[in-house]
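Here the structure comes first, spelled out in structure tokens, and everything after it is commentary.
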Amino acid sequence: MSLLSRSGTQEDLLRRIADIFDHKVNFIDNIDCKIIDVADTGTANVEFTVKHNLGRIPTAYIVNIDRSGIVYDSNRATWTEANLTLKCSVSNAVLKLIVF
């Protein structure tokens, strides 16, 4: 999304540019990504599906997990423009993913 499409006036555009120079832009503004919450990964080491709706097959993801464990790819060849599949080494983890 361009700066112009976000702003209605020249003043809005200049404010947006100033925010960029002041480091007041967030992750979503800089990277084509989706932030997704996963409430429960289910059983340890069993594949689960994450709906991302990125509109393209993801390149990678960053994960934050609520306990000690590892989140890893599952069958990357089947990832789609809407979903990806992962596994987690511990049961019932809560995840925050940045998919890009």
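Things worth noting here:
- Flag for ALA44 being at pLDDT 75 or above, on the phi < 0 side of the Ramachandran plot, in a helix (DSSP H, G or I) and hydrophobic (A, V, I, L, M, F, W, C): no
- When the range 18-27 is filtered for residues that are surrounded by 12 or more Cβ atoms within 10 Å (Cβ to Cβ) and either aliphatic (A, V, I, L, M) or not in a helix (DSSP H, G or I) (or both), the ones remaining, listed by number, are ILE20, VAL25.
- Condition check for VAL46: exposed (fewer than 13 other Cβ atoms within 10 Å of the Cβ), more than 15 Å from PHE100 (Cα to Cα) and not assigned by TED's automatic domain parsing to the domain that holds THR80: no
- Index of the failed condition, ASN26 passing every other in (1) modelled with pLDDT under 95; (2) not assigned by TED's automatic domain parsing to the domain that holds ARG16: (2)
- In the range 47-68, the residues that are among the β-branched types (Val, Ile, Thr) and either part of a loop (DSSP other than H, G, I, E, B) or in contact (Cβ under 8 Å) with a residue 60 or more places away in the chain (or both): ILE57, THR59
The values are calculated or read from the model by the stated rules, or taken from the named source; none is laboratory data. What you are looking at is a predicted structure, and each value in this text was computed from that prediction instead of being measured. Counting neighbours? That spans all protein chains shown, and the Cβs are built from the backbone with ideal geometry, glycine included.
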